[in-house]
Each structure stands twice: as structure tokens, then as C-alpha cells.
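Written out below as C-alpha cells is the structure these notes cover.
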Amino acid sequence: MATLSDTELFLLVTMIKIAVVMFVLMTTVAYLSWLERKVVAHIQSRWGPYLVGPHGLLQPLADGVKFLFKEDIVPLEVDRVVYWLAPFLSFALAFLSIAVIPFGGTFTIQGRTFNFQITDVNVGLLFIFAVTSLGVYSIVLAGWSANSKYSFFGGLRSSAQMISYETAMGLAVVGTLMIAGTLSLRGIVDGQSGTWVIGTFNTYLPRWNIFVQPVGFFVYLTAAVAETNRIPFDLPEGEAEYSNMVTVSCLATLLFFGGWHGPLFGPGWLRMLLPIFWFCLKVFCFLFFYIWMRGTLPRFRYDQLMSFGWKFLLPLGLLNVLATSFVVAWLSA
Amino acid sequence: MEILFYICAAVSVLAALNVVLQRTPVYSALSLILVLCLLAVIYLLLGAEFIAVIQVIVYAGAIMVLFVFVIMLLNAGREVPSERSRLARWLGVPLVIAFLLEVLWAVWNQFPSGTAPAADFDAGPAAIGHLLFRNYVLPFEVTSVLILVAILGAVVLAKKEE
């Protein structure tokens, strides 16, 4: 094999990383819809999709083909540009945030070290928040462009919901950031390696942030459900929410559940791949939790949803920030 | 890197022109969002990731959402061009040209070689936090109180009389 220059190697590895991550993400998103239908069906004592392929496994493909051949109905008097732009925006933004998610440690090719991550931005967490904050446009524009009062009010309500819960979500992670002292997702995960040691007593509990930030985690998880428009806060409904679900689950894993850290054993190659397995397993648990919740909880009314966000989650998040900053200051003094 | 800058700069200037020339308010707002995002990319090229991301979160993600909300709630349709005032033509256009020339002159004088030296400063969150909460803590807090007062005022004004 000819040796590549550093730039060529970097480009090649990055391309491969992007291709692999996109492939995995697209497949996950497609099969998430299958998993959701299956799990919800079993919760309700039904079989769910069963006809296309074994256990309905080919159902996502069949759905895709069906959508391709469906007639595109464009209502009269819509604003064409914005009408097409809104769903495009919603998907593009949903896929964009995966670029900064780290899903494993490092690997080495030709003496150069690469991260299991498309790109390591040193403000990775804020990047994700920036992308989600733009996601509001896709909903408000979709509601407006259809030129109908009902969809317009739907769009306004949903975007008000997203903006409200974004605030709580931002506050929820501040505690974690104060403990980690960095905005880099990789740095936050690196701070969670090992086990909690109190004095000289080893608790053998993994050093995950969930044990010191349970309130932050609760606020984050609740706000994230609202942010991705899932039940019980699911006024708007869209296919891009599956991709957003993946992002939010990845973030929950990285911020509160130690990212890719888990027991390592076996030969070298297994030690390199195991972190990715642990990461995927944790993300899968969150995704399952989402679906489980959908099968269990009833839906909130709009005014309940808003007052819950502003009068309960937001103050709780603020209190968490206050308490954490006192403890951090006390410990560092 | 340079080619990326020229693309971003050119598109952002075009989008900025579209903000002014566009007759449909929603398109104007969308163009402005595009300008803000492209400015963020230029900050990224300068190596200021934190500022770039904050630019998107604060301007594109928060302030412009309110703009778009208001435009949609007011149901602003296409603007009808007004009777062009004579004052605008005879006073406005020369003033704009004079202003542009002045800016060009200032830039030219400041950087005769055509390139500005890269500023050597830390634009990370920690450095900005230190500046805001140590050196400029009073103006920062006063601005926050001012915004709080404005919000309270808006709530009082919007509240219906019993």
C-alpha cells in the first residue's frame, strides 16, 4: 500500500467516517420507526408489522418505496419556496448535529491518531444547541407556508413549545458543564472515566454524571422529550423527529451516562471496538425508553405543557445550577 | 480556506441586499438569518468557534425567531412601494455613497497592504467569561437589569386592565 500524505490520509479517513456515520444514522432512523411500531404494538397486545419480511423487518423499505411513488399534493395558494424549504431544513438540521457526537475513543493509522467522531469541535455542546435552536424555523415555516389558519396556529404553538423547553434544556446541562469545566463533548466524557472514590473508599460505581446531577438529568430528559416533540409533548409530528431522538439520546449518554466508558477486556481490537458497543447500547436504551414512554403516557394539553415548562422545569433547572455552583465553589476553595 | 471565505462573503452580501430589496417580509427575514449564519461561518474561519456558535444561538436562533413570529402574526403581505419621496432621492443616495466612500477610505488607510493582521487573542468561553465577569462586570450587569426592566415593562403594557 502506498503511503499517503497527512492531508490525504486525513481527508480519506474523514470521508469514510462521514459515510459510515451517515449510513448507520439513516439505517437507525429507518429501523427506529419499525422498532417503535413493534414495541408499541406489543405494549398494546398486538403484533405490529408482520407481513413484509420476517417480523416485518422489511417494512421501512416498503414504506420508503411507497413514499417515493406517492403523489405530491401541494395545496392551493401555498408559498412554494418556503413550503419545500421547511421539510428540507428539518431533515438537514436533524442530521447536522451528529457531526460533533463522539462515539468512541481513538484509533491509529500510520502513526496518526484519529477520533471516533466526525469532527471534534471544542464547543461541541453549544454547536448542538445552535443546530436545535435553528430547528424551530422548520416548524414555524411549515405552519406558515401552508396558507391555512389551522396549520399556522399549530406551527406557532409548536415553536413556542420548542423555544420554551430549549431554555430548560440549556439550563439542565449547565451543572454538568460546571463539573466538567469544558464545552467539548469529548472532554465531558473523558471527565467521567473510572469510578467514584470517596476518600480512600472505592464505591465501584462508574464515575458518571448521573450520580451527581440527577436533577439536571431529569430536567434534561423531560425537556428533550418536548424538544423532539415526542409523547407526552407531541403537538407537532414529523419524521425528522426520529433523527432528533437519536441526537438527544446520544447527548444524554455523553453528558450523564459516561459516553463510551464501560468494562474493557479481551485482545487489542476488541478493546478498541468495545467502547463503541457500550455507547450504542446506552443510546439504544434511551431510544427504547422514548418508545416505552410513548406507549405508556397520555398527552399533555397545550396550556398544561407551557405552564409545566415555565413554572416547574425552568425554576428546577435554575435551582440545580445554583446548588451545583455552590458545591463546585466549595470543593475548589 | 480562502475560497470558503470569498464564497461566504459574496453570498452574505447578496443575501444582505436581498433583505433590503425583497418585498415579501418573510423572505427578508429568512435572508437575514442566512446572513447571520454566514457571518458565523466567517467567525469559524477566523478560529473563533465560541463566538460563531453564540452568533447562531443568539441571533439566528432566538432574536430572528421573534422577528419571524411577529411578521407572521401581523400577517404582513407583499409591500407596496410608496410614492418615492424626492428627499430620499436627492439627499439619501448621495449620503449613502458618501458613507460608503468614507468606510472604504478608513479601511484603506488602516490596512494599506490589503490584508489585516490576524488578531492574537483567546476567544474561548473561559477568556470571554473572565472579561465579562471581572473587567466589565458593572456594564454587563447594568445591561442585564435594563433588559429585565424592559421585559417587565412589556408585560405590564401587554396585560389587560381588569
For residues that are out of contact with any Leu (no Cβ under 8 Å at 6 or more places or on another chain), among the hydroxyl-bearing types (Ser, Thr, Tyr) and within 14 Å of another protein chain (Cβ to nearest Cβ), scanning just region A:93-132, find the one that is least open to solvent (accessible area, probe 1.4 Å).
A:SER97
Of the residues A:GLY309, A:GLY258, A:GLY317, which is among the small types (Gly, Ala, Ser) and touching a strand residue (DSSP E or B) at 6+ places or on another chain (Cβ under 7 Å)?
A:GLY258
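So, in region B:38-53, of the ones that are open to solvent by 20 Å² or more (accessible area, probe 1.4 Å) and at the interface with chain A (Cβ under 7 Å from one of its Cβ atoms), which residue ends up nearest to A:THR119 (Cα to Cα)?
Among those residues, the one meeting the criterion is B:GLU49.
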What number goes with the only condition from (1) within 14 Å of chain A (Cβ to nearest Cβ); (2) surrounded by fewer than 16 Cβ atoms within 10 Å (Cβ to Cβ); (3) free of Cβ contacts under 8 Å to residues at least 12 places away in the same chain that B:ARG23 does not pass?
(3)
With the structure loaded, tell me whether B:ALA62 is at the interface with chain A (Cβ under 9 Å from one of its Cβ atoms), of a type in the set (Gly, Ala, Ser) and open to solvent by less than 60 Å² (accessible area, probe 1.4 Å) or whether it fails that test.
yes
Go through region A:251-301 and give me each residue that's within 19 Å of A:PRO232 (Cα to Cα) and open to solvent by less than 50 Å² (accessible area, probe 1.4 Å).
A:ALA252, A:PHE286, A:LEU287, A:TYR290, A:ILE291, A:MET293, A:GLY295
Screening A:VAL174, A:VAL197, A:VAL189 for residues that are open to solvent by less than 10 Å² (accessible area, probe 1.4 Å), in the same structural domain as A:VAL246 (by TED's automatic domain parsing) and either in a helix (DSSP H, G or I) or over 28 Å from B:ILE51 (Cβ atoms) (or both) leaves only A:VAL189
Hits in region A:156-171 (condition: without any contact (Cβ under 8 Å) to a residue 40 or more places away in the chain and either polar (S, T, N, Q) or open to solvent by less than 40 Å² (accessible area, probe 1.4 Å) (or both)):
A:LEU156, A:SER159
Mind counting the residues in region A:147-157 that are within 12 Å of another protein chain (Cβ to nearest Cβ) and either of a type outside the set (Lys, Arg) or more than 21 Å from B:MET64 (Cβ to Cβ) (or both)?
7
Hey, among the residues in region A:77-118 that are polar (S, T, N, Q) and in contact (Cβ under 8 Å) with a residue 40 or more places away in the chain, which one's farthest from A:GLY143 (Cα to Cα)?
A:GLN110
Among A:TRP196, A:TRP208, A:TRP144, the single one that is within 19 Å of the chain's Cα centre (by Cα) and touching a residue at least 12 places away in the same chain (Cβ under 8 Å) is A:TRP208
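The values are calculated or read from the model by the stated rules, or taken from the named source; none is laboratory data. Everything quoted here is computed from the prediction, not taken from an experiment. Here Cβ is always computed from backbone atoms with ideal geometry, including for glycine, and neighbour counts include all displayed protein chains. Areas reflect the complete protein model, heavy atoms only, side chains present, ligands, DNA and RNA absent. Shrake-Rupley method; radii C 1.70, N 1.55, O 1.52, S 1.80 Å.
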